[in-house]
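Scroll down for the structure; my scribbles are underneath it.
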Amino acid sequence: MPTIRIDDKDYEVRDGKNLLESCLALGFDLPYFCWHPAMGSVGACRQCAVKVFKDEQDTRGRLVMSCMEPVKEGLRLSIVDPAAKAFREQVIEWLMTNHPHDCPVCDEGGSCHLQDMTVMTGHDYRRYQYRKRTYQNQYLGPFIHHEMNRCIQCYRCVRFYRDIAGGEDLNVYAAHDHIYFGREKEGVLQSPFSGNLAEICPTGVFTDKTLKAHYTRKWDLTNAGSVCPHCSLGCNIFAGERYGEIRCITNRFNSEVNGYFLCDKGRFGYEFVNSENRIRQPLIRGRLVDAVSEDQLLEYLRHLTGNGNIIGIGSPRASVETNFSLMQLVGIDNFYQGVNEDTAFLQKRVTDILESGTLRSNSLRDIESSDAILVLGEDIWNTAPIMALTVRQSVMKTAFSQTVQQISLPSWNDIAVRELTQEARGYLANAGTSGSPLDKLATHHVQAAPDDIARMGYAIAAHLDPSLPPLSKQENELTARTGEIALALSLARKPAIISGISACNEAILKAAYNIAWALKRMGKEVGISYVLPECNSMGLALTKAPSFEKALGRLERNTGTTVIVAEQDIYRCLPEEQAEMFFSKCGKIVVLDVLHNRTTERAHVLIPSASFAEGDGSFVNNEGRIQRFYKVYAPENNNVIEGWKWLERIGGGNERIDQLHTMIEKGLSQFAGISTEAPAAGFRIHGEAVPREPHRYSGRTAMWAHLQVSEPKPHQDNNAPLSFTMEGYKGIPPAAIIPFYWAPGWNSVQALNKYQEIPGGKLTGGNPGVRVLNESAEPRGDFFTDMPEAFSARRGRWLLLPAYHLLGSGEMSMESRGIAELSPEPYLALSMQDAVAMNATTGSTMVVQIMGKAYSLPLKIAETLTDGLAVVPAGLPAMPVLPFGSWVEIVKK
Amino acid sequence: MLSHIRTMWLVFLHLFRKKATIEYPEEKVKLHPRYKGRIVLTRDPDGGERCVGCYLCAVACPVDCIALQATEDEQGRRYPEFFRINFSRCIFCGYCEEACPTYAIQLIPDFEMAEYRRQDLVFEKEDLLINSQGKYPGYNYYKVAGMDAGVKAKGTGKNEDPPVDIHSLLP
Ligand code: SF4
Ligand code: SF4
Ligand code: SF4
Ligand code: SF4
Ligand code: FES
């Protein structure tokens, strides 16, 4: 660790960093704009000037941009030097000559990096009396608002959008002091990561349009750390509430999970919490008055659950706690997973592989630091968006690290590294049934039928491990590439294998395992990831409960069985007829859920449950990391409580999450560690809880005064060391319970620097979350040898496969207006050749026949689709649930 | 002893001075124009609501007695959807007025706000918004802001260049 001398004091800093990050890591306040921990330095804004001295004798020194200057042993610099200070102040003053008088109506205000830096440099009075430059704005879609006058030309937006997210439709136009950041023409931003612009842009040029619709300043939000409920990655988020509504979602950094970025589904998919469609009142249907009080409800349910003929259906989007409480209430043998047989089977395969400890279950950070990646049969762009973004970073970083090895160049010197790297990329092979935007980056990309992808996987493993039987000689052209893929993986130090269950194919999961295990046997630092469909799919799968269809069999045997469904829409996991059959066999149906849906319509007893925002709980992400989410606010309606609390109330259990965790650990050893995922509710720092509200939360004595002029007593929280007020511990709390980022002088999201060990590094005290799927010290494993037959198209029949859409396939996120607006219409995709053979063209109405039922869908021709496959979008509200992975008849209408 | 007598003498002399107290409410108090009393929300010279819902008054208020929610019209002009002051908490410090970037919220020379019920001291926007510019005539925030919120087009405000032609590379 080199020692540098800052303002005549010695400090130890990390090697290989630049002066700016080193100063920030030491806690100095040094202003900056264009540098970003995830994007490196470009030296564009000239804001981070410091004075560097040649040696001890040098008194004049020279001004340098600290973000462009590497740390050197013995380097002497000054932050407070008058010339450096004056320079930084002047830079802001120049930027401000064109800055509009917008703060009061600017959504960035109060969480604005430009405001913070202006105050930090001391510029406070406009001396420039001349004209300001102005721009026209553009319409950029339902998520991002554009107000170009506010730009300070730091280039962060385009660097994020193009370099990090790989988007192409945002760019910089015009020249000199007229440069313009926008699209060539007005229109919806195409990247599904566009929402990050609101956080990346240090000014109010790009802001969250959904927040604008019910605008609240950052200081007025009640916040808590939470976990994104929209896919299996479990990105860490902050949710902010005001007046009983969730107002916005922002990124909560976790260097092992999502880092600095979220996808648009995660950021904008929160509107379901505020939806009109929420269930708010417990009902017992068929009475004179359906609506019942809590006491009536509990009495009825205790009576109903008393007779023992009862089953529970858990859910992949309910918390671990809710599923466990249900399991306890109905008895472990009467608990079923609320997923269909196929999904349960595939997920069991995944948990079996990961629980065996043979392989490391990769975190996103592991993927980012890998140097070769194979994606086998999973469309991660749509099913695990931030994983796709991570794969992108990994591929770029691998190429960069090769560059910086060749000539000595610090890796943070972004422009130089990118210039030198040019088009070189790290190794990525992407095999899927449909094309993916990742293909652009991939050295090899393959589109094939699931069975062929699996065969390809088996073949790659056979190349890597001679003990495996190779494919026969006369294989199709697809397997020609397996040798090259195997070679690339075998040359890597740390290869990563990614797969998932969305292709509905078990052989793919096995093939991915085989490859990873073969690499492991070669001594590689290999890891594997399986993408699952929902936020707690892993948590549900780990219960090992039987699937839904097993419950169906049970209902057929015993009539009059009471069924409790916890937060799952049966109509979304089973085809219509089967769902109907299920309900016709049930006795009384008790449903707990967040939103009204077709299942809740069938309920005899309907119970409102809290969403992620009003409830406490934990999800297990695809990696096997248990992550805690906290109640953001206590809703006025006390009917809206967590599913697990309702179930505990029915069973007469306790309502303390800490005690529940102890019971979970006792009952289900696979969740061992859940009690340590976050500090216990009684945790205090200097006797104080951590406030959910910033210390300048406003309106406390007026916000509810129209109802009752005396202020209500703040809600007490028995399940978290957080308070629902602005009073409490003001410093930096343990990472798991950080409710928002703020530090003196740092009001914007960039205050995060103060919460990390070093900028871009771990959160101080370690990242939150507990991993339950760990690699064993002495892994032992076997290969799977049951390679599937090659795929061959059948006459008049097609293999039906799902296409997941980032914006559209999510049950909850579709309640957000912007997401619904950008989601696709239903369609049926066939290959060009199949379409021509049926004499059909784009837009022709095709009829899919499944078990005597006909579904009409407009045709979309997918150029790269394999003949014999039919793809339809999954999960759209307008789409029926179809038996994916089975053969169907299709005719042209 | 002597001081007691002196004090009583001074008190006695006051009997012949002019009275400081007045026969309120029959007689009204004369207040200075800058007296900080009743809070109002004013309008800009065009008659539009001045308040842009920026929440600065609310955050400046030491007793947190202002609550509002900003919303927008079709042109993008911000205004408060509701604006509430709990006068049973207000200490008439005037911080809100000082914080207000648009001269919308003003404290005016009027203190006759007493109520029998505390609940009646909760004022909504309807009770606060007046049809006048108050103490600061002539100011229209949207004329000096950069945004186009239906008040002036981009580049037509005071000290603004016309919008940049982004297709030109000329200096
Ligand atoms: S739009 Fe924002 S991020 Fe982009 S250059 Fe301007 S200030 Fe920087
Ligand atoms: S990638 Fe998944 S978990 Fe992350 S923000 Fe998007 S939907 Fe949420
Ligand atoms: S006068 Fe002072 S106490 Fe009253 S509303 Fe304004 S800031 Fe608050
Ligand atoms: S400070 Fe002025 S403009 Fe801002 S919300 Fe208050 S009254 Fe409205
Ligand atoms: S942060 Fe160093 S020049 Fe912009």
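The values are calculated or read from the model by the stated rules, or taken from the named source; none is laboratory data. Remember, it's a predicted structure, so these values are computed and weren't measured experimentally. We place every Cβ from the backbone using ideal geometry, glycine too, and count neighbours over all the protein chains shown.
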Checklist entry - Does any residue of segment A:14-28 turn out to be within 16 Å of ligand 1 (Cβ to nearest atom), outside the structural domain of A:Q393 (by TED's automatic domain parsing), part of a loop (DSSP other than H, G, I, E, B) and of a type outside the set (F, W, Y)? => result no
Checklist entry - Quick one: what pairs do we get from segment A:27-56, first residue over 30 Å from A:S394 (Cβ atoms), second of a type in the set (S, T, Y) and not in a loop (DSSP other than H, G, I, E, B), C-beta under 6 Å, 6+ apart or different chains? => result A:P31/A:T121; A:V50/A:S66; A:K51/A:S78
Item to check | Subset of segment A:192-242 that is within 25 Å of A:Y32 (Cβ to Cβ) and hydroxyl-bearing (S, T, Y) - its residue that is nearest to ligand 5 (Cβ to nearest atom) | outcome: A:T203
Next on the checklist: Among the numbered criteria (1) in contact with a Lys or Arg (Cβ under 9 Å, 6 or more places away or on another chain); (2) not in a loop (DSSP other than H, G, I, E, B), which one does B:C57 miss?
Outcome noted: (1)
Item to check | Residue in segment A:114-138 that is nearest to the other protein chains (Cβ to nearest Cβ), counting only those that are surrounded by fewer than 19 Cβ atoms within 10 Å (Cβ to Cβ) and among the charged types (D, E, K, R) | outcome: A:R131
Item to check | A:A38 within 16 Å of ligand 2 (Cβ to nearest atom) and hydrophobic (A, V, I, L, M, F, W, C) | outcome: yes
Next on the checklist: Here is a check on your reading of the model: is B:F83 part of a loop (DSSP other than H, G, I, E, B), within 15 Å of ligand 3 (Cβ to nearest atom) and either touching a helix residue (DSSP H, G or I) at 6+ places or on another chain (Cβ under 7 Å) or modelled with pLDDT under 95 (or both)?
Outcome noted: no
Checklist entry - Tell me, which residue of segment A:139-156 that is surrounded by fewer than 23 Cβ atoms within 10 Å (Cβ to Cβ) and away from every other protein chain (no Cβ under 14 Å) is farthest from ligand 1 (Cβ to nearest atom)? => result A:P142
Next on the checklist: Quick test of your reading of the structure: A:C535 fulfils all but one of (1) in contact with a strand residue (DSSP E or B) (Cβ under 8 Å, 6 or more places away or on another chain); (2) assigned by TED's automatic domain parsing to the domain that holds A:R302; (3) within 24 Å of A:I279 (Cα to Cα). Name the failing condition by number.
Outcome noted: (2)
Next on the checklist: Quick test for you: out of B:Q75, B:Q119, pick the one residue that is of a type in the set (S, T, N, Q) and either more than 10 Å from chain A (Cβ to nearest Cβ) or assigned to a strand (DSSP E or B) (or both).
Outcome noted: B:Q75
Checklist outcome for this item: Expected single match for touching a His at 6+ places or on another chain (Cβ under 6 Å), modelled with pLDDT of 90 or more and either surrounded by 23 or more Cβ atoms within 10 Å (Cβ to Cβ) or within 30 Å of A:E534 (Cα to Cα) (or both) among A:A461, A:A449, A:A429, A:A442 is A:A429
Item to check | One residue from A:G166, A:G187, A:G182 being more than 16 Å from ligand 3 (Cβ to nearest atom), within 14 Å of another protein chain (Cβ to nearest Cβ) and small (G, A, S) | outcome: A:G182
Item to check | Looking only at segment B:73-125, and only at residues there that are without any contact (Cβ under 8 Å) to a residue 40 or more places away in the chain and hydroxyl-bearing (S, T, Y), the one that is farthest from ligand 1 (Cβ to nearest atom) | outcome: B:Y116
Checklist entry - Has segment A:648-657 got any residue that is at pLDDT 90 or above and in a loop (DSSP other than H, G, I, E, B)? => result yes
Checklist outcome for this item: If you go through A:L288, A:L262, A:L297, the only one that is outside the structural domain of A:G810 (by TED's automatic domain parsing), at pLDDT 90 or above, more than 16 Å from ligand 4 (Cβ to nearest atom) and more than 26 Å from the chain's Cα centre (by Cα) is A:L297
Checklist entry - Of A:G240, A:G187, A:G166, A:G225, which residue is farther than 30 Å from A:P733 by Cβ and within 16 Å of ligand 2 (Cβ to nearest atom)? => result A:G166
Item to check | Index of the failed condition, A:C67 passing every other in (1) more than 10 Å from ligand 5 (Cβ to nearest atom); (2) of a type outside the set (D, E); (3) part of a helix (DSSP H, G or I) | outcome: (1)
Checklist entry - How many residues are facing chain A (nearest Cβ under 9 Å) and assigned to a helix (DSSP H, G or I) if we restrict to segment B:122-154? => result 3
Checklist entry - Does A:I657 count as closer than 18 Å to A:S226 by Cβ, among the hydrophobic types (A, V, I, L, M, F, W, C) and buried (at least 18 other Cβ atoms within 10 Å of the Cβ)? => result yes
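For (1) surrounded by 23 or more Cβ atoms within 10 Å (Cβ to Cβ); (2) not in a helix (DSSP H, G or I), each residue gets a yes or a no:
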{"position": "A:L800", "(1), (2)": "no, yes"}
{"position": "A:L806", "(1), (2)": "yes, yes"}
{"position": "A:S809", "(1), (2)": "yes, yes"}
{"position": "A:M814", "(1), (2)": "no, no"}
{"position": "A:I819", "(1), (2)": "yes, no"}
{"position": "A:E825", "(1), (2)": "no, yes"}
{"position": "A:Q833", "(1), (2)": "no, no"}
{"position": "A:N839", "(1), (2)": "no, yes"}
Checklist outcome for this item: Here the residues within segment A:202-234 that are more than 16 Å from A:R267 (Cα to Cα) and more than 14 Å from chain B (Cβ to nearest Cβ) are A:P202
Checklist outcome for this item: Within segment A:680-710, residues closer than 20 Å to A:Y630 by Cβ and buried (at least 21 other Cβ atoms within 10 Å of the Cβ) come out as A:A689, A:V690, A:P691, A:R692, A:E693, A:P694, A:Y697
Item to check | Tally, over segment A:762-820, of residues that are under 30 Å from A:P466 (Cβ atoms) and not charged (D, E, K, R) | outcome: 14
Checklist entry - Residues in segment B:45-53: is at least one at the interface with chain A (Cβ under 9 Å from one of its Cβ atoms), under 26 Å from B:S132 (Cα atoms) and more than 16 Å from ligand 5 (Cβ to nearest atom)? => result yes
